[in-house]
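Notes for the one structure printed next.
The values are calculated or read from the model by the stated rules, or taken from the named source; none is laboratory data. All figures in this text were calculated on a predicted structure; none of them were measured in a lab. We work out accessible area using only protein heavy atoms, side chains counted, and drop any ligands, DNA or RNA first. Shrake-Rupley method; radii C 1.70, N 1.55, O 1.52, S 1.80 Å.
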Amino acid sequence: MSNQHKAAQGSAATAGSKKFRNMSHFEKTIYVGKVFLFLLTFGFAYPSILLD
């Protein structure tokens, strides 16, 4: 078996997701942009943003 960390069973989070405080400035900018676009389109763009 591999040594990869796995997400908890039943959770929607991926094993590679980061906490917001651990993201770089570029990643934070992209994430905030996605959230803004999500809110602007009432959830039709990036419907999985809540999973990040």
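Ordered from highest to lowest accessible area with the whole protein assembly present and a 1.4 Å probe, K28, K19 read as K19, K28.
A straight chain from V32 to F44 at 0.36 nm per residue would run longer than the Cα-Cα distance by 2.7 nm.
Largest accessible area first, the listed residues I49, I30 line up as I30, I49 when surface is computed with a 1.4 Å probe on the assembled protein chains.
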